[in-house]
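Colleague: Submitted below is the structure of interest, expressed as C-alpha cells.
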Amino acid sequence: MIPGDYVALAVILFVIGAVGVLIRRNAMVIFMCIELMLNAVNLAFVAFARLHGTIDGQVIAFFVMVVAAAEVVVGLAILMAIFRSRRSASVDDANLLKY
Amino acid sequence: MTGTLAGLPMRAASALPTLAAVGVQRTAWLMLVFPLAGALVLLLGGRRTNRFGHVVGVAMPFASFVVAVITFVAMLGYPASQRARDVHMFTWISVGGFHVDAGLLVDQLSISFALLITGVGSLIHLFAVGYMSHDPDRRRFFGYMNLFVAAMLLLVLADNYLLMYAGWEGVGLASYLLIGFWQYKPSAAAAAKKAFVVNRVGVAGFSVAIMLMFATFGTVTYTGVFGQASSAGRGTATALGLLLLLGACAKSAQVPLQSWLLDAMEGPTPVSALIHAATMVTAGVYLIVRSAPIFNLSMTARLAVTVVGAVTLLFGAIIGCAKDDIKKALAGSTMSQIGYMVLAAGLGPAGYVFAIAHLIVHGFFKAGLFLGAGAVKHEMNDEVDMRRFGGLRVVMPITAATFTIGWLAIIGVWPFSGFFTKDPIIAAAFAKGGISGALLGSAAMIGAGITAFYMTRVLLMTFTGHRRWEPDAHPHEVPPVMTSPMIVLAIGAAGAGAFLMLGNRFVDFLSPVTGAPPASRGLITPVSGATLALVVLGAVIAWAMYGRREIPVTAPAARFPVVAARKDLYGDAVNEAVFMRPGQWLTRLSVYFDNRGVDGLVNTLAATVGGSSGRLRRVQTGFVRSYALSMLVGAVLLVGVLLLVRI
C-alpha cells in the first residue's frame, strides 16, 4: 500500500463532502457530507500516522470520532426540532437569523 | 507741584497727604450702614415689613444725611490742607502682592457728593411716600432705593478704585431693579435690560482701567495711583483716561452710550429724579474729577472728554426739544446738563470745580423738576404726554411755582443757580483757547439757548394754555408729603448757585482736591451777556411756538430735524446698525460654522461609519450555505497563506 493513495483518497472524499455541503439543501444530506469530510480527515490522520510511524494521528482520529458522535447527537436533535416546527429540512428555509 | 502742560496753567491735584480720620469722622462708615441696613430689613423682612416699610425707607437716608452733616462740620474744623481723611474699615483682599483695604476717603469732593446724595435722596424718599402710596409694592421700592443710596455712597466714599467699582456695580444693580420696578410692563423690563447691557460696555472699560492700574502701579488706591501716575508715562495716562472715560460715558449716558437713559424713564418718577437725574448718572463726572491726576497728564484723554461732553450737551438738548413725553424731555435735558459737566471736567483744573458745582445745583433743580413732573403725572392718571396737559398752573399752584423756579435755574437766569454754574463752564471752554476752545465754547453757548427753548416748551405745555386733559382727569394739588420736598428743592435750585459760587466759596473749598481754576473775571462778561441773550431768544421762540399758539393734541407731522429728534437722533438705529446687526450676523455665522463645520465633520464621520456598516450588514444573508462557502474560501486562503509563508 502507498500512503500517497490514502491521502489522495482522503482529499477526494473531503472535496466531495465540501461540495455536498455547499450545493445540497437538505440538512440531513449536509450532515452526511460533514461526516464524510470528518472521515476524510480521519483517513488522512491515520495515513500520515502510518507514514511517520507514530501513533499520534491514530489517537486524534479516535478523538474526532467521539466529537463527531456528540456533534451528530446535538445536530440531529436541532434538525428534528426545526423539522417539527417548519415541516421542512431545507437549510435555505431556515434563514430568519439575518440582517 | 506747579507746572504747565501744553500751555495750560494748572496746579496738580491730590498731592496732599491723607491723614487718618479722628473723632466723629471715624464713624463716617455709618453713612453706608444705615441705608444698607434699611435695604436688608425691607428686602429680607418680606411682607411683615409692609406696614412700616416706608418709614424705615425714609428714616435711613435721613440718618445718613445727619452723619454726613456731622462729618462735614468736623471737616470744616480742619485747615484746608488737612481735610482729606481716611477711614480704614477692614482688610478686604490680601492675596500675595495684591492688597486692598476697604476704606473710606472723606475729603472735600466726596463729602460734597455724600451731602448731595443723602440730602436730595432723603427728600426724594419723602416724596416717594406719597407718590408710591397706592402701589402694593411700596416696601420693595424703598428697599431698592435704600440699596441704591448705600451703593452710591460707597461709590463716592471709597478710597480705592476697586471699592469704587463695587459701588459702581451696586448702583447699576439698583438702577436695573428700579427701572424694571414695574416689570410686568414689557417696556419697563426691556428698558431695564437695555440700561444693564449698555452699562456692561462701560464697565468693561472701567475694569480694564483698574487692571491696568494694578499692572502698572501695583496698587489701586487713589493715593498710590496718583502718587505714581506721573512716572508711568503719557501713554499709560492716556490709556487709563480713555478707559475711564468709556466707563463714565455708559454711567452718565454720554454719546455714544447714551441710548439707555431715555428708556430708563420707564421707572417710577422718584427713581428718575434720584438715580437718573441727581446722583447716579453723575457718577461718570465724579470718576473723571476724582481721577484728575491721571487726566491732567494726558491732553488726548481730556480732549476726548471735552468732545464727548460738547457733543452730548447738544445731542441731549436737541432730543429734549422734540419729546412730548414730559419725563423724556427732562431725560434729554439731563443728558445735556451732564454733557456740560463732562465738558467742564475735560477742561482740566480750569473746569473741575465748575463741573462739581454744576453737578450739585443740577441735583437740586433737576430733582425738583422731576418731582414736579412726577406730581403732575400722579394727578393726571399716569399721563405723561404734555399735549394732554395744559393749564395746570391753576389747579396745582405749588407744583407750578416750584417747577417755574427749577425752570429759571436750569436756563440760567440771574440770580438762580444755573447762571452761577453754567456760565463759568461756557467761559472756561472759551478760555481754553485755540480752535477747540472756540468750538467747545460755542457748542456750550448754543446748548444754553436750546436748553431755554425746550425747558420753556415743557413749562408752557404743562402749566399754561388751555386744558387739553383726558375727560377722566381730575387733577388737584398733591399732598404736603409731596409738595414739601419740591419746595425744599426749589429753594436749593434758587439759592444754591449763588451760595456756592459767590465769593469763590466752593472754589476755595474744593480746590485742594481738584486744583484751582484761574480767577474769574467778574459776573458780567461778554460771554455771559451773549449766553443770556441766547437764553432769552430760546425762551421767546418757545413762547411764540407753544405759548401763543394752540397746541394740537396729537403731534403734527414734521420734517427732518424734528423727526430725527423724536427718534432720539437715531441713537437706537445706530446701535442696531453698528452693534446689533453685526452681532446677529456674527452669531449666525457661528451657528452656521457650528452646524456645517464642527457638527458637519462629526456627522459626516458618523454617517460614513453608519452607511458602510449598513452595507456590510447585508453580508448576513441568513443563507447557511453562503456562510459555509465563505468559511471554505477563508480556510483555503488561510492554508494558501500558510503554505506561501512557509516557502
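Colleague: Here are some residues: B:505, B:521. Which one is open to solvent by 70 Å² or more (accessible area, probe 1.4 Å), at pLDDT below 90 and in a helix (DSSP H, G or I)?
Modeller: Only one candidate qualifies: B:505.
Matching residues to (1) open to solvent by 10 Å² or more (accessible area, probe 1.4 Å); (2) under 15 Å from the mean Cα position of the chain (by Cα):
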| site | (1), (2) |
| --- | --- |
| B:266 | yes, no |
| B:283 | no, yes |
| B:286 | no, yes |
| B:319 | no, no |
| B:324 | yes, no |
| B:350 | yes, no |
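Colleague: From (1) open to solvent by 10 Å² or more (accessible area, probe 1.4 Å); (2) touching a residue at least 60 places away in the same chain (Cβ under 8 Å), pick out the condition that doesn't hold for residue B:332.
Modeller: Going through the list (1) open to solvent by 10 Å² or more (accessible area, probe 1.4 Å); (2) touching a residue at least 60 places away in the same chain (Cβ under 8 Å), residue B:332 breaks only (1).
Colleague: Among the candidates B:470, B:477, single out the residue that is charged (D, E, K, R) and at pLDDT 90 or above.
Modeller: B:477
Colleague: Under 6 Å between Cβ atoms, at least 6 apart or on separate chains: pull out the pairs that start in the stretch B:446-458 with a residue that is among the hydroxyl-bearing types (Ser, Thr, Tyr) and end on any residue that is in a helix (DSSP H, G or I).
Modeller: Here the result reads B:451/B:317; B:451/B:411; B:454/B:320; B:454/B:321; B:456/B:539; B:456/B:542, each pair linking the stretch B:446-458 to a residue that is in a helix (DSSP H, G or I).
Colleague: Follow-up question, since we're still on this one. Read through the list (1) within 14 Å of chain B (Cβ to nearest Cβ); (2) closer than 16 Å to residue A:7 by Cβ, then give the number of the only condition that residue A:75 fails.
Modeller: All conditions pass for residue A:75, except number (2).
Colleague: Okay, moving on. Out of the residues in the stretch B:182-217 that are in contact with a Phe, Trp or Tyr (Cβ under 6 Å, 6 or more places away or on another chain) and of a type outside the set (A, V, I, L, M), state the one that is least open to solvent (accessible area, probe 1.4 Å).
Modeller: Among those residues, the one meeting the criterion is B:194.
Colleague: Where the second residue is of a type in the set (A, V, I, L, M) and surrounded by fewer than 23 Cβ atoms within 10 Å (Cβ to Cβ) and the first is more than 13 Å from residue B:124 (Cβ to Cβ) and lies in the stretch B:480-491, which pairs have Cβ atoms under 8 Å and are six or more apart or on separate chains?
Modeller: B:483/B:398; B:487/B:398; B:490/B:401
Colleague: Looking at the stretch B:545-629, what helices (runs of 4 or more DSSP H) fall wholly within it and have at least 1 residues that are within 14 Å of another protein chain (Cβ to nearest Cβ), open to solvent by less than 60 Å² (accessible area, probe 1.4 Å) and over 30 Å from residue A:16 (Cα atoms)?
Modeller: In the stretch B:545-629, the matching helices (runs of 4 or more DSSP H) lie at B:599-617.
Colleague: Okay, moving on. Check whether at least one residue in the stretch B:387-410 is touching a residue at least 60 places away in the same chain (Cβ under 8 Å), surrounded by fewer than 20 Cβ atoms within 10 Å (Cβ to Cβ) and touching a helix residue (DSSP H, G or I) at 6+ places or on another chain (Cβ under 6 Å), and report yes or no.
Modeller: Yes, that holds for at least one residue.
Yes or no, residue by residue, for (1) of a type outside the set (Lys, Arg); (2) open to solvent by less than 50 Å² (accessible area, probe 1.4 Å); (3) on the phi > 0 side of the Ramachandran plot; (4) in contact with a strand residue (DSSP E or B) (Cβ under 8 Å, 6 or more places away or on another chain):
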{"site": "A:10", "(1), (2), (3), (4)": "yes, yes, no, no"}
{"site": "A:13", "(1), (2), (3), (4)": "yes, yes, no, no"}
{"site": "A:25", "(1), (2), (3), (4)": "no, no, no, yes"}
{"site": "A:29", "(1), (2), (3), (4)": "yes, yes, no, no"}
{"site": "A:49", "(1), (2), (3), (4)": "yes, yes, no, no"}
{"site": "A:55", "(1), (2), (3), (4)": "yes, no, no, no"}
{"site": "A:74", "(1), (2), (3), (4)": "yes, no, no, no"}
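The values are calculated or read from the model by the stated rules, or taken from the named source; none is laboratory data. All figures in this text were calculated on a predicted structure; none of them were measured in a lab. Note that we place each Cβ from the backbone using ideal geometry, even for glycine, and neighbour counts take in every protein chain shown. SASA here: full protein model, heavy atoms, side chains in, ligands and nucleic acids out. Shrake-Rupley method; radii C 1.70, N 1.55, O 1.52, S 1.80 Å.
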